[in-house]
Each structure stands twice: as structure tokens, then as C-alpha cells.
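Engineer: Just passing along the structure, written as C-alpha cells.
The values are calculated or read from the model by the stated rules, or taken from the named source; none is laboratory data. Keep in mind it's a predicted model, so treat the numbers as computed, not measured. Every residue, glycine as well, gets a Cβ built from its backbone with ideal geometry; the counts of neighbours run over all protein chains shown.
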Amino acid sequence: MVYANLAGAGMKLVHISDTHVGKGECQSRLARLVDHLLSSVLGAPEDFVVLHTGDVIDSAEPAYRAAGAAQLARLSDAGYRVFLCPGNHDYGDAMSIAPDAAADFQRDFAPWLFHGQAAEFPVRHQLDAETQLLVLDSNAAELSWRERWFAEGHLGEEQLAVLDGWLPDARLPDQGKTVIVALHHHPFYYGYRVAPDVDDRRLLFHLLARATRPFRRLKDAWSLCRVLQDRADILLYGHMHYGLDCSGDSRRYGIPLALDGGSSTDVDDESGCLRYRVVDTRTLTVVVGRVRL
């Protein structure tokens, strides 16, 4: 993927993810990121869409929900159109999710989850005449007592069937339409192509991450990719905190662009900055934005 200045005629989408309000300094870092977006560094807010791909909060606590919602409200009040899909931490924490917590999150974040539509997933948003955003809940089939444990995701047959019915039979070059699909859990099992170096002195962390990866995957990732095959243009998600361009994986399914949002409140070790992306939805060009703390 070539990262160039956004000069196309498409809609501009700001992708953030995994802000984990309630953990460490994440709340103040999210506020700093919002300050940056409100500083007009990108341009007029009404010309942009902000998409958050889940884990707004670190655990399902009322105070964390209130703090996270306050930051999204700042963006909305300034003129940004803000859209959201729920993450596993939004419905519980790293170990489990619960129906009551899911209902509380959907109630408190309804303006950004549903935008006045019925409170059910998937949700279809017509961003403009040429751009459609389809938002999934990758926790939906995990809310039973048997499946609620760990950080796995499961869309479920019902959600996939609705998505299948919404998608076009094919993307025709002369249609000029763009289909964006957003969810929280990583749709590709491996997530990165090479093992992390051990020179960062985090060997135990990497060993734990490798050992627990089966408990953090999307259970029906293969079914999702089959539904999306040759029928979506952009696939956006978070969860694994890698922040990688995974278009090499998605192109195997005929999806031109797939981006892992990483964690927008993680500080890059080399630059000392927070990181986000801006996507031109028509040209599929991407700019990486950085916020120095």
C-alpha cells in the first residue's frame, strides 16, 4: 500500500480503535487525540467520518462508559459523523462478556452505534450516494453462558445471513460504489507475517501472546471472508493492537484494502506519538496521522 497525500474525490474516513478508556493513561491520551482532531489539522469536520472499531473502554464500568462517551460526543458536537462497532472490552473485559454489560453499552453509545436506527446488528449506514458502511457486532454470538469466556469473537449465522443479503453480487467497475465493512475482532488468524523480535526484551509477553492467540480469534472468520469475497472494498477492524495493513491477506478474498486499527492510545516507542489513519474511500489511499504527546 502506498501512503500518499489524500488527493482523491472520495469520502475521508478517520479510523481509530482500541482506546481502552479506564486503563492507565488511555483516557487522557484519547482526550489528546480528540483535541488533535478538533484542531482542524485535517480540515472541516463535516468533510470527515470517524470510525471507531471497538474497545472504547477497558472494562464495562459506568464511569468508563461515561468518560468514553464524552470524548465521542466532543467529536459529534464539532461536526464529525462518528460511527462505532462494539469490542469485547466494551461488553465486559479481557476474560468475559455479559448480556447486561452489552445492553448497557448499546444504550449509552446508541447515537454512534445505531444513528437512530433499530438497535440491532448488523447496521447499514449510507454515508453518501457512493459509500455504504456496514457495521458488525463480533461479540453477538458470544453472549451465551457457554461462549462468553476469553476474548474470542463470533458473529453468528444470523448476522452473516443479513450481511450476505445486503452485499452486491459483484463490484462492477462502472458502479462507482464503495462498500466498507467494520467489526472489532481481527478477521485473519495470524495477524502478522513474522514473529516479533525478542530484542525488545518482551519475550514473556510474546510467548504469552502466541500461546493465547487461539482464545482471541474470530471463530467464524472464514465464513465472514467467504461472504465478503469480491463484494467489499474496505475492511476495518481492531482488537489485536498490531496496527498493520493486512491487505495482502484480504486481497486473497478480493477485498482491496484491510486495515487493523491497532490501539489509538498506544504510544509508538520510536516516535513517541499516538497513531491513526485517514482513508480516502474512493482511491483507497491512506495517510498515517500522528499525535505527539
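Engineer: Can you tell me which of (1) touching a strand residue (DSSP E or B) at 6+ places or on another chain (Cβ under 6 Å); (2) of a type outside the set (A, V, I, L, M); (3) modelled with pLDDT of 95 or more is the one Tyr242 doesn't meet?
Structural biologist: Single failed check for Tyr242: (3).
Engineer: Quickly run through the stretch 90-123 and pick out the residues that are at pLDDT below 95 and charged (D, E, K, R).
Structural biologist: Answer for the stretch 90-123, where residues must be at pLDDT below 95 and charged (D, E, K, R): just Asp93.
Engineer: May I pose another question? Testing Gln126 on (1) more than 23 Å from Asp220 (Cβ to Cβ); (2) under 19 Å from the mean Cα position of the chain (by Cα); (3) modelled with pLDDT of 95 or more, one condition comes back false. Which one is that?
Structural biologist: Result: Gln126 passes all but (3).
Engineer: If I filter the stretch 267-293 down to residues being out of contact with any Gly (no Cβ under 8 Å at 6 or more places or on another chain) and among the charged types (D, E, K, R), which single residue comes out as modelled with the highest pLDDT?
Structural biologist: Here the residue is Arg290.
Engineer: Could I ask something else about it? Would you check if Gly261 is among the small types (Gly, Ala, Ser), buried (at least 23 other Cβ atoms within 10 Å of the Cβ), under 11 Å from the mean Cα position of the chain (by Cα) and within 24 Å of Met11 (Cβ to Cβ)?
Structural biologist: Answer is yes for this residue.
Engineer: May I pose another question? I want to confirm something. Restricting to the stretch 223-247 and keeping residues that are assigned to a loop (DSSP other than H, G, I, E, B) and small (Gly, Ala, Ser), which single residue is farthest from Lys177 (Cα to Cα)?
Structural biologist: Gly243
Engineer: Now for a different question. Within the stretch 164-182, take every residue that is modelled with pLDDT of 75 or more and assigned to a loop (DSSP other than H, G, I, E, B) and give me the one that is surrounded by the most Cβ atoms within 10 Å (Cβ to Cβ).
Structural biologist: Out of the qualifying residues, it is Leu167.
Engineer: What number of residues in the stretch 64-103 are farther than 15 Å from Gly22 by Cα and of a type outside the set (A, V, I, L, M, F, W, C)?
Structural biologist: Of the residues in the stretch 64-103, 10 are farther than 15 Å from Gly22 by Cα and of a type outside the set (A, V, I, L, M, F, W, C).
Quick grid of which residues meet (1) touching a Phe, Trp or Tyr at 6+ places or on another chain (Cβ under 7 Å); (2) within 18 Å of Ala182 (Cα to Cα); (3) not basic (Lys, Arg):
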| position | (1), (2), (3) |
| --- | --- |
| His15 | yes, yes, yes |
| Val21 | yes, no, yes |
| Gly24 | no, no, yes |
| Ala31 | no, no, yes |
| Phe48 | yes, yes, yes |
| Arg65 | yes, no, no |
| Gln71 | no, no, yes |
| Asp77 | no, no, yes |
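Engineer: Does the stretch 29-50 hold any residues that are at pLDDT below 95 and among the β-branched types (Val, Ile, Thr), and which are they?
Structural biologist: Val41
Engineer: Has the stretch 136-152 got at least one residue that is modelled with pLDDT of 95 or more and over 20 Å from the mean Cα position of the chain (by Cα)?
Structural biologist: Looking through the stretch 136-152, none of the residues is modelled with pLDDT of 95 or more and over 20 Å from the mean Cα position of the chain (by Cα).
Engineer: Where in the stretch 51-150 are there helices (runs of 4 or more DSSP H), lying fully within it, with 3 or more residues that are not aliphatic (A, V, I, L, M)?
Structural biologist: So the answer is 62-77, 99-108.
Engineer: Considering the stretch 77-114 alone, what residues qualify as being touching a helix residue (DSSP H, G or I) at 6+ places or on another chain (Cβ under 6 Å) and among the small types (Gly, Ala, Ser)?
Structural biologist: Selection gives Ala78, Gly79, Gly92, Ala101, Ala102.
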